[in-house]
Amino acid sequence: MKFLITGASGFIGGAACAWLVEQGIEVVGTVRNLLRPTLPGIDYRIVGELGPSTDWRTALDGIEGVIHCAARVHVMHETADDPLRAFRSANVAGTGQLARQAAAAGVKRLVFVSSIKVNGEKTATGFNEGNTPAPQDPYGQTKWEAEQMLFQISNETGLEVVIVRPPLVYGPGVKGNLARLLSWVERGVPLPLAGIRNTRSLIGIDNFTSALHACLTHPAAAGRTYLVRDGEDISTPELVRRLGHHLDKPARLFTLPPPLLERLAGLVGRRADAQRLTGSLIVDDSRIRRELGWVPPRTLDEGLAQMAHAWLDSTG
């Protein structure tokens, strides 16, 4: 049994590689280059940039299943003249190229790492797989377009496709907004988050890679779309308090009305970040638990502790 992980040097792809190797599975990992540190036990293949002309054929030799993690993600300082076109080139055309070459190579199944952004940006009642997609940005839009294209390719070729839409994935090595939050809590920065009354679903990296493994191997997963979560949802201020506990630092929270917080963030171009801190996003993961018998191996608090301790080790 041999599986291919795309984006093998990334946060999710690297964790998926490590998880499968621990299960005794032979893993091929594709990367743009080998500038980042590599993991033992992975057969790395350089494929360059993700796009419509990426050649996956040598990496697909003898592969039974693929977890497609590689993607163009949110760009902090966008430089593309046409961002939507750039996202489509990577996330739609690049994914289609992989799926067609995988089908031609005899690959049985492709698991696509999509995003809860396909459903939308916020909900207090709970997203599920039956919701009408409502992506709000080029990343979410192109993930939705890629999902539709994959099912079309599946119908044409027989390649089994499984879609997984995670909420925020956290864990050791996380970057972006959550890394900034860890830094602020560790340094004792006062945060105006005490007045937020929201609920958000998260998924730890170990739980997510466990779910991807189930989607790759369970017979019932073929042709299905799944949402995933840790199992316990959390408010933003409670998240900060728990991070403070695991970092052994007091959480310094004060109250600023959420609308004012969002307006102030908008002045520095960070309104969307503030809205994610103040808004609710709840995921219903009952389908994957029911159909695949999947149970997260870690609790939310265990995952947060693992991330916080790794952060301390990396900054110590």
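For Gly29, the residues whose modelled amide H falls within less than 5 Å of its own, excluding neighbours fewer than 5 places apart on the same chain, are Ile5, Asp43, Tyr44, Arg45.
Any idea of the accessible area per residue across the chain, 1.4 Å probe, to the nearest Å²?
Values: 14380 Å² over 316 residues.
Result: 45 Å² of accessible area for each residue.
Here the chain is treated with +1 on each Lys and Arg Cβ and -1 on each Asp and Glu Cβ, and its dipole about the Cα centre works out to around 580 debye. How high is the FRET efficiency from Thr315 to Gln136, r the C-beta distance, R0 45 Å, rounded to 0.05? Computed FRET efficiency for Thr315 and Gln136 comes out at 0.85.
Quick check: residue separation of Val268 and Glu22 times 0.36 nm, minus the Cα distance between them. What number comes out in nm?
Numbers: separation 246, 0.36 × 246 = 88.56 nm, distance 4.39 nm.
Fully extending the segment from Val268 to Glu22 adds 84.2 nm.
Residue pairs exceeding 26 angstrom between C-alpha atoms, taken from Lys2/Lys117; Lys117/Lys249; Lys122/Lys175; Lys143/Lys175; Lys143/Lys249; Lys122/Lys249: Lys2/Lys117; Lys117/Lys249; Lys143/Lys249; Lys122/Lys249.
When the alpha carbon gyration tensor of region 67-171 is reduced to an equivalent ellipsoid, the three semi-axes, largest first, read 23, 18, 12 Å. Helical content alone sets the calculated 222 nm signal of the chain at -12000 deg cm²/dmol, taking -39,500 (n - 2.57) per DSSP H segment of four or more residues and averaging over every residue. With only Cα atoms counted, the chain has Rg and Dmax values of 19.4, 57 Å. Once backbone amide H atoms are built at 1.01 Å from N, Val66 has Leu4, Arg109, Leu110, Val111 as its partners under 5 Å, excluding neighbours fewer than 5 places away on the same chain. If R0 equals 45 Å, the separation of the Cβ atoms of Asp301 and Gln148 corresponds to a calculated FRET efficiency of about 0.75. Once you reduce region 21-74 and region 117-171 to the center of their Cα atoms, the two points are 22 Å from each other. As a fraction of the 1.4 Å probe accessible area of region 63-152, surface on carbon and sulfur atoms comes out at 50 percent.
Shape of region 1-52 from its Cα gyration tensor (a ≥ b ≥ c, root eigenvalues): rounded if a/c is under 1.5, otherwise prolate when a/b > b/c, or oblate?
Numbers: a/c = 1.95, a/b = 1.58, b/c = 1.23.
Judged from the Cα gyration tensor, region 1-52 comes out prolate (a/c at least 1.5, a/b above b/c).
A simple packing score, the average count of other Cβ atoms within 10 Å per residue, orders the peptides 36-42, 307-313 as 307-313, 36-42, with the highest score first.
The values are calculated or read from the model by the stated rules, or taken from the named source; none is laboratory data. If you're wondering where the values come from, they're calculated on a predicted model, not measured in any experiment. Reconstructed Cβ throughout: ideal geometry from the backbone, glycine too, with neighbour counts over all protein chains shown. For accessibility, only protein heavy atoms count, side chains too; no ligands or nucleic acids. Shrake-Rupley method; radii C 1.70, N 1.55, O 1.52, S 1.80 Å.
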